[in-house]
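Encoded as structure tokens, the structure appears first; notes follow it.
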Amino acid sequence: MNTMNRILSSLLILLSLLVFSGPAFAKITLTLDRSEIRAHETFFLRVQVEDPATLNAGINLDFLPDDIQVRTRQEFNNSIIINGQYRSQMGWDFELLAENAGTFTIPALNIGAERSKPFTIRILPEESGFDNPDSAKIKLRANLSDEEVYVQQQLIFTVRIYRSVVTRNQNITPIRVTNALVEQLGDNKTFNFIKNDKSFRVIEQRYAIFPQQSGEMVIEPITYSATILDDNNNSSPWKRSQLKPISLSTQKYTVKVKAKPEGAAEPWLPASGLELKAEWQPNNQTFTVGEPAQLDFIIKGSGLLKTQLPTVTFPEQDGITIYRDTPQYHQRFNRFGVNSYHLEKVVVIPSKAGEISLPEIKIPWWNVESDQQEFATLEAKTIQVARSQKQVTQNTQQAVVPESQETAMEQTTNPNDSADSQAMETTQDNDYWKYASFVLAFVWIATLLLWFFKRNRNLVASDDTSQNTHSRTMDDTPSQLKNIIKSAAANNAKATEKRLNNWLNSQSDVSQVTNIVQLEKFCRQTGQDPLANELQDLQQALYAADYQKPWSGQDLVRLLPSLQLDKNIDNSQGLPGLYESRD
């Protein structure tokens, strides 16, 4: 039996390793230095790994297709700071060259415990005008990604300067475009064009242009000027070389800008991609009535400026209160143009237990690649909200029936008592009028006596009515309030919220108020508006994005001792208002 147990244990361990070993592999990332690569042009391929052991293992060159030459290889291992955290970047940079156009695929790499996905490199035909590399020492080229675009759609404009000689006093005029927004896509790229043992040094500038008006958009010529050494063969060998000025210009480009299609939904977002994401922080977030939960909301737009990203309205939902932080916008450039990001932190506070569904969010956008309307969708999310500790305690107490009540219930439901009651009613009916006369006389005399004593008491205690009221107020003894008052007096909003919620959960005789959101609504329904205003101000200081001033808890310190939790609520308003969502 022991041998069998050991065999089963070994099999379970092996099975666990097989199941969980797949996701444990780290990721190898392959990237190119630019998007447009042509034949006879050098380019850089970066192979980035995550584990130093993978870097130490090294990499072979047999993963590259035969039609791609390796000119140089360099290992890198750097540390950078991203969002205040150190991250290591390590791997290899390869300078490559392809003499022929085509599409080449690098198969998935396996280095140590790391893997990559297959990677595709597309090589375009070489630039025209280079059949005879000796024809000119400096060339200027420009091209457009599209000949016609929609209004506000991204258009990529590329300018290249080819040099085979040393230049001085270089200058290039800035880009000029009518009725458009222009963003330069990062720094200039430099590489080499090599053909027939002739090499040109290339400088590439790339721009993202967003036309703002339909019709015709004009890109004015760009001029490059410099001085080079004049090595004219007719010059005397005894004379020094002369500097020769040169000036080259691109052509004027006219682009057709189409208007927004009829029937396209608002907002108008012509893009190559739009994504919505929402992630709970942490991912295994649990939900309890009255306790805040944080949600990271992200919009990513490909081919959009950050100013084009839409503002999303969260649908109102019964059972939750939503507070939204000020969004942060970021813009990044890659070989495909502009990528923009909307990052926002959202605080969700449930106000009732049970299953709550967060509605679906949809944003329309126009896919410029397929030329059709599409929708970015954030699917509806369902959360399970647990009751607060106070609600759990109250439900447990209500489930226990007191012994005296149980006895009374048994007596009421006993069928034998019914016959006895009917016999007693028949016997007592004859004496009814006699006893009724005595009772009426007694009540009349008692009423006179009560009126007399009450009149004398009102005269003596008329000035002390407020001190003898039977309305119960919150216990203002220092032992129960000192922690809340201490936090509020120190203007510590977070500690005040936590201690006030804890105190509310400890009040077992108040079933309808278990958190600050419900307490604020209760105060408004019972005429305690000044205290309700301070509670609302406390919540806005913690969660509202537009709350700019420092929070002060002095008024809360003054008003909390006067809180009346047993005050009657207007039945015409009702308690369901406590669970309404707030914008």
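The values are calculated or read from the model by the stated rules, or taken from the named source; none is laboratory data. Nothing here was measured: the structure is a model prediction, and the numbers come from that model. A quick note on method: Cβ atoms are made from the backbone with ideal geometry, for glycine too, and the neighbour counts reach across all protein chains shown. Side chains included, ligands, DNA and RNA excluded: accessible areas come from the protein's heavy atoms. Shrake-Rupley method; radii C 1.70, N 1.55, O 1.52, S 1.80 Å.
Yes or no, residue by residue, for (1) surrounded by 13 or more Cβ atoms within 10 Å (Cβ to Cβ); (2) under 39 Å from the mean Cα position of the chain (by Cα); (3) at pLDDT below 90:
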residue	(1), (2), (3)
M4	no, no, yes
V19	no, yes, yes
D51	yes, yes, yes
N56	no, yes, yes
Q69	yes, no, no
I81	no, yes, yes
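Suppose the filter is open to solvent by less than 80 Å² (accessible area, probe 1.4 Å) and more than 34 Å from the chain's Cα centre (by Cα); does A113 pass it?
So A113 fails the test.
If you check F119 against the conditions, is it of a type in the set (F, W, Y) and in contact (Cβ under 8 Å) with a residue 60 or more places away in the chain?
Taking the combined requirement at face value, the residue satisfies it.
Given the options E147, E95, name the one that is under 30 Å from K27 (Cβ atoms), charged (D, E, K, R) and over 35 Å from the mean Cα position of the chain (by Cα).
When all the criteria are applied, what remains is E95.
State the number of residues belonging to the range 344-366 that are touching a residue at least 60 places away in the same chain (Cβ under 8 Å), under 21 Å from A271 (Cβ atoms) and either open to solvent by 20 Å² or more (accessible area, probe 1.4 Å) or in contact with a Cys (Cβ under 9 Å, 6 or more places away or on another chain) (or both).
1
Just to be sure I understand the filter: pairs with C-beta atoms under 7 Å, separated by 6 or more residues or on different chains, first member in the range 507-527 and aromatic (F, W, Y), second member modelled with pLDDT under 85 and not in a helix (DSSP H, G or I). Which pairs pass?
Hits for this filter: F522/Q512; F522/V513.
Would you mind finding the one in L504, L535, L519 that is in a helix (DSSP H, G or I) and modelled with pLDDT of 85 or more?
When all the criteria are applied, what remains is L535.
Which of the residues that make up the range 183-198 are farther than 17 Å from S128 by Cβ, open to solvent by 60 Å² or more (accessible area, probe 1.4 Å) and not basic (K, R)?
Passing the criteria: E183, Q184, D187, N188, T190, D197.
How many residues are open to solvent by less than 70 Å² (accessible area, probe 1.4 Å) and at pLDDT 75 or above when one looks only at the range 473-489?
5
So for the range 532-552 (the condition being surrounded by fewer than 21 Cβ atoms within 10 Å (Cβ to Cβ) and either of a type in the set (K, R) or touching a Cys at 6+ places or on another chain (Cβ under 8 Å) (or both)), does at least one residue qualify?
yes
Out of curiosity, is E147 open to solvent by 90 Å² or more (accessible area, probe 1.4 Å) and either more than 30 Å from I209 (Cβ to Cβ) or small (G, A, S) (or both)?
no
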